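**Q** Got a structure for you, written out below as structure tokens; questions coming shortly.
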Amino acid sequence: MKLTNELATRLLLTDTDLDDLVDVRLGAPEDIDDDYELPADLPILPVRNTVLFPGMVIPVTVGRQKSIRLVKKAYKGNRIIGVVAQLNQQKDEPGTDDLYRLGTVAYIIKMITLPDGNITIIIQGKKRFEIQQITQEDPYLAASVKQIDDNFPGANKKEGKALLQSVKEAAYKILRLNPEIPQEARIALDNIESPMFLLHFLSSNINAEVQDKQRLLEMPDGAQQATLLLEYMLREVQLLELKREIQTKASSDIDQQQRDYFLRQQIKVLQDELGMDSPDRDLEEIRIRADRKRWSAETRSHFDKELSKLQRINPMAPEYPVTMNYIELMVDLPWNEYTKDNFDLKRAQKILDADHFGLEKVKERIIEYLAVLKMKNDMKAPILCLYGPPGVGKTSLGRSIAKALGRKYSRMALGGVHDEAEIRGHRKTYIGAMPGKIVQNIRKCGSSNPVFILDEIDKVSSDFRGDPSSALLEVLDPEQNSTFTDNYLEVEYDLSRVLFIATANSLDTIHPALRDRMEIIDIAGYTVEEKIQIAKKYLVPKQRKDHGLKPKDLSIDDKAIQRIIEGYTRESGVRNLEQKIGALVRKVTKAIALEEEYPRMIKAADVQKMLGAEIFDKDLYSDDDIAGMVTGLAWTQVGGEILMIESSLSRGKGVLTLSGQLGEVMKESAITALSYLKAHAEELNIDYRIFNCYDLHVHVPAGAVPKDGPSAGITMLTSMASIYTQRKVRPFLAMTGEITLRGKVLPVGGIKEKILAANRAGVKEIILCSKNRKDVEEINLTYIKDLSFHYVDTVDQVLEIALLPQQVSKPMRFVLPEEREREVEKATY
């Protein structure tokens, strides 16, 4: 215990004049002998308006004759007395029934005789006790008592520590709110280490009635005392806070009107001296700007009403800046103000071709829109949605479209937006209200017909603040957005001339009604050949410029770019490709800065030296001379890939096993293929008994990669047919297509990516559904000139093309159960 009795005495004697009478200098509590002997008949000192707690040092003025005799005798002896509070504070001669039953053993530190005959004693509490029986009433009270030790169960546990910390924080709040408490009290609190001494110290000094303090003293343990003490202290905190709030309000109400008057006068003088615009001049300027606006009659009426309201508001009132901001928004918005479109279609085509390689469908759609606008000169803007994987240029395409049209450009990122007010704005009555991002961006553009990019529209989310997707329904509906109403603006604004272009990575998460309002333009990604051209025309020059190099300092060979694409990136777009090219350029820049040797023309052999080992393996066709091996084609988000499927048979009971992390759709395709083979076993020269005597295992390598989709239907069926008939599959052949239980071949998607992947892998022939012919015709002939295509409608046609007629591999002899039994009997005989 680091708190000295001298400090405690000073804290507790602030309302007395004892310090003027005597200089009390005390040692620490440890200096006082605690090994006192409790007498059999303990002298009892009744006190008024005071409750003594163990460890506390307080002054007590003694005036009653019985009490004076008790104090003088005790002071000459062992100085041990019992201090008990009176039940009735007004009674001069308290008896047995007028005292509380629980008090505190006290040690008389000092006795001071005052000039009026009274005696003041300074006592320190020791232990609590309970009166068992009053043994004496004259010449003073005495009683047999039972001493009570302090205890705090769980003081070192989490609950006990949290309770003590809460008590201490409440005490700090009282110190902060009550300026009458001396600052030494905080020092005392900071130095108290004993939990029980802390509770007794605060219980003794809390502003509470005697009966409340007596309840604290009578608590059986420290935990219950701390809980009751915290209740009293929190009540005191509430009273102090209420008192301060009332005083502050009363003071501010008295001075507010007079202060406002003086401030307004001073502001007026300062504005005149500095030549600053007064509110009247601001309103006149707004009125002049408003006269130039091409508003409808309803909008003009609404503006005049708001302006009139603003003129009646005191410029120092809190409503004035809110209304002024609203008025300024109305005059800042470009009502019916449009930029002139550039109808030079050839120029627009050149700009689109210069900024982006490929993307023919998107460019064609933009040119169509310009052509119609040129002929009609008035057309509601379409709502386009560019859908595709990351890094294919969806966002940057919007900027090129704005440049081609000669319009202003604005972009709004919708990723993570979950507040409807971001689209529609807040109500004007809310604190901190703002218009929606649509209106804010149009205000920045200064034009009512910009190209507006709604980026990542598939990542809009909803919560308790509303559904932004539903709010976008009005914005993106050509039949409704001519009367779009922002909650903050409160009047209709025409968005029908805005060219909205949304971008998305996935269509599944877009609200169905919202998706229905947009024209989806699929950007599937770039082929390796397209990526090479993009790197040569855009990425390499851009990286050279960003790193301060000139064309003569560095160039990259086509083969090197292709190696980067195939070995270090696996994506549909070109974002990672640009990063890898940037890594090459940085190494060259470093070599130039250090005056080291470096290759000015980076070739394929230099790539691995500069970027390290390749990250991805290139998929190549594997011509295994074994039945059951078939090459399929798959689509992924990073482009097309070849897919190897292999089957094997083992003696068993006809169980089908599928492995390779196949999805549900792919598993169903395998089951369908097996069912078809069982139904047409005779036509395919397969002994039907084999299906019950041999287990079939179909495996798709790269087992750590999840795979799903119906495209591998004919591939799986061909693999099963090959293993059952032991007919090898035609070499350098790949296939893709979905099958039905009746043996029909259905079309699938991703044909362009699959065919290009097959070409890169060395495949020479491809089997497709006849309905996919149109997809092949859209591919540039340069990419498919070395491939031949077989278009089929049925599974029979697939097997006729894929399986070689002769048995090129070693024939496999299937031993049926009855044959096995005969062989065993013959060998035994």
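The values are calculated or read from the model by the stated rules, or taken from the named source; none is laboratory data. If you're wondering where the values come from, they're calculated on a predicted model, not measured in any experiment. Positions of Cβ are generated from backbone atoms using ideal geometry, with glycine treated the same way; all protein chains shown enter the neighbour counts.
**Q** Would you mind telling me which numbered condition in (1) part of a loop (DSSP other than H, G, I, E, B); (2) at pLDDT 85 or above Y598 fails?
**A** All conditions are met except number (2).
**Q** Among the residues of the stretch 44-78, how many are aromatic (F, W, Y) and either within 15 Å of I119 (Cα to Cα) or free of Cβ contacts under 8 Å to residues at least 24 places away in the same chain (or both)?
**A** Taking the stretch 44-78 and keeping what is aromatic (F, W, Y), we get 53, 75.
Filter again for either within 15 Å of I119 (Cα to Cα) or free of Cβ contacts under 8 Å to residues at least 24 places away in the same chain (or both), leaving 75.
Matching residues across the stretch 44-78 total 1.
**Q** Follow-up. Looking at the stretch 739-829, what helices (runs of 4 or more DSSP H) fall wholly within it and have at least 2 residues that are buried (at least 18 other Cβ atoms within 10 Å of the Cβ) and modelled with pLDDT under 80? Can you show your working first?
**A** Numbers: elements: 751-761, 773-777, 781-784, 795-802, 817-828.
Result: 751-761.
**Q** Checking the structure you have, find out if any residue of the stretch 94-114 is outside the structural domain of P195 (by TED's automatic domain parsing) and without any contact (Cβ under 8 Å) to a residue 24 or more places away in the chain.
**A** Within the stretch 94-114, the first condition is being outside the structural domain of P195 (by TED's automatic domain parsing), and the residues that meet it are 94-114.
When the remaining residues are screened for being without any contact (Cβ under 8 Å) to a residue 24 or more places away in the chain, the result is 97, 113.
Checked the stretch 94-114: at least one residue is outside the structural domain of P195 (by TED's automatic domain parsing) and without any contact (Cβ under 8 Å) to a residue 24 or more places away in the chain.
**Q** If you don't mind, another one. Quickly run through the stretch 225-252 and pick out the residues that are closer than 25 Å to G103 by Cβ and either exposed (fewer than 14 other Cβ atoms within 10 Å of the Cβ) or small (G, A, S) (or both).
**A** A226, T227, E231
**Q** Specify which of the listed residues (T503, T483) is loosely packed, with under 14 Cβ neighbours inside 10 Å and not assigned by TED's automatic domain parsing to the domain that holds N759. It would help to see each step written out before you state the result.
**A** Values: T503 fails: loosely packed, with under 14 Cβ neighbours inside 10 Å.
Just one listed residue meets the conditions, T483.
**Q** Additional query: If I filter the stretch 291-305 for residues that are in a helix (DSSP H, G or I), over 25 Å from G425 (Cβ atoms) and either hydrophobic (A, V, I, L, M, F, W, C) or not assigned by TED's automatic domain parsing to the domain that holds V491 (or both), do I get at least one hit? Even if it seems obvious, please write down each step before you answer.
**A** Initial filter on the stretch 291-305 (in a helix (DSSP H, G or I)): 291, 297-305.
With over 25 Å from G425 (Cβ atoms) added as a condition, the list becomes 291.
From the residues that got through so far, the ones that are either hydrophobic (A, V, I, L, M, F, W, C) or not assigned by TED's automatic domain parsing to the domain that holds V491 (or both) too are 291.
Scanning the stretch 291-305, I find at least one residue that is in a helix (DSSP H, G or I), over 25 Å from G425 (Cβ atoms) and either hydrophobic (A, V, I, L, M, F, W, C) or not assigned by TED's automatic domain parsing to the domain that holds V491 (or both), so the answer is yes.
**Q** Counting only residues that are in contact with a strand residue (DSSP E or B) (Cβ under 8 Å, 6 or more places away or on another chain) and not in a strand (DSSP E or B), which one in the stretch 490-504 is farthest from K340 (Cα to Cα)?
**A** Within the stretch 490-504, the subset in contact with a strand residue (DSSP E or B) (Cβ under 8 Å, 6 or more places away or on another chain) is 491-495, 498-504.
If we keep only those that are not in a strand (DSSP E or B) as well, we get 491, 494-495, 498.
Details: V491: 26, D494: 17, L495: 16, V498: 13 Å.
Filtering the stretch 490-504 for residues that are in contact with a strand residue (DSSP E or B) (Cβ under 8 Å, 6 or more places away or on another chain) and not in a strand (DSSP E or B), the one farthest from K340 (Cα to Cα) comes out as V491.
**Q** Name the residue that is surrounded by the fewest Cβ atoms within 10 Å (Cβ to Cβ), counting only residues in the stretch 446-467 that are touching a helix residue (DSSP H, G or I) at 6+ places or on another chain (Cβ under 6 Å) and under 12 Å from G415 (Cα atoms).
**A** As a first pass, look at the stretch 446-467 and keep what is touching a helix residue (DSSP H, G or I) at 6+ places or on another chain (Cβ under 6 Å): 451, 453, 455, 460.
Remaining after also requiring under 12 Å from G415 (Cα atoms): 455, 460.
Numbers: D455: 18, V460: 25.
Across the stretch 446-467, the extreme among qualifying residues is D455.
**Q** Still on this structure, I have one more. Of the conditions (1) at pLDDT below 85; (2) over 19 Å from K394 (Cα atoms); (3) over 31 Å from the mean Cα position of the chain (by Cα), V491 fails just one. Which one is it?
**A** (1) is the only condition that V491 fails.
**Q** Within the stretch 585-595, track down each residue that is assigned to a helix (DSSP H, G or I) and more than 38 Å from the chain's Cα centre (by Cα). Break it down into steps so the answer makes sense when it comes.
**A** Here is the first cut: in the stretch 585-595, the residues assigned to a helix (DSSP H, G or I) are 585-593.
Once the filter is applied, which keeps residues that are assigned to a helix (DSSP H, G or I) and more than 38 Å from the chain's Cα centre (by Cα), the stretch 585-595 yields V588, T589, K590, A591, I592, A593.
**Q** Now, a different point. Among (1) surrounded by 14 or more Cβ atoms within 10 Å (Cβ to Cβ); (2) at pLDDT 85 or above; (3) part of a helix (DSSP H, G or I), there is one condition W335 misses while meeting the rest; what is its number?
**A** (3)
**Q** Got a number for residues in the stretch 618-655 being surrounded by fewer than 20 Cβ atoms within 10 Å (Cβ to Cβ), among the polar types (S, T, N, Q) and at pLDDT 90 or above?
**A** Residues that pass the stated criteria total 2.
**Q** Checking the structure you have, find out if any residue of the stretch 134-142 is part of a loop (DSSP other than H, G, I, E, B), crowded, with 23+ Cβ neighbours inside 10 Å and more than 60 Å from the chain's Cα centre (by Cα).
**A** Going through the stretch 134-142, the residues part of a loop (DSSP other than H, G, I, E, B) turn out to be 137-141.
After this cut, where a residue has to be crowded, with 23+ Cβ neighbours inside 10 Å as well, the list is 141.
Filter again for more than 60 Å from the chain's Cα centre (by Cα), leaving 141.
The answer is yes; a qualifying residue exists.
**Q** Take the residues in the stretch 656-704 that are assigned to a strand (DSSP E or B) and touching a Phe, Trp or Tyr at 6+ places or on another chain (Cβ under 9 Å), then tell me which one is surrounded by the fewest Cβ atoms within 10 Å (Cβ to Cβ).
**A** Step one: of the stretch 656-704, the residues assigned to a strand (DSSP E or B) are 656-659, 662, 694-699.
Restricting the remaining residues to those that are touching a Phe, Trp or Tyr at 6+ places or on another chain (Cβ under 9 Å) gives 694, 696.
On the way: Y694: 20, L696: 24.
Among them, the one singled out is Y694.
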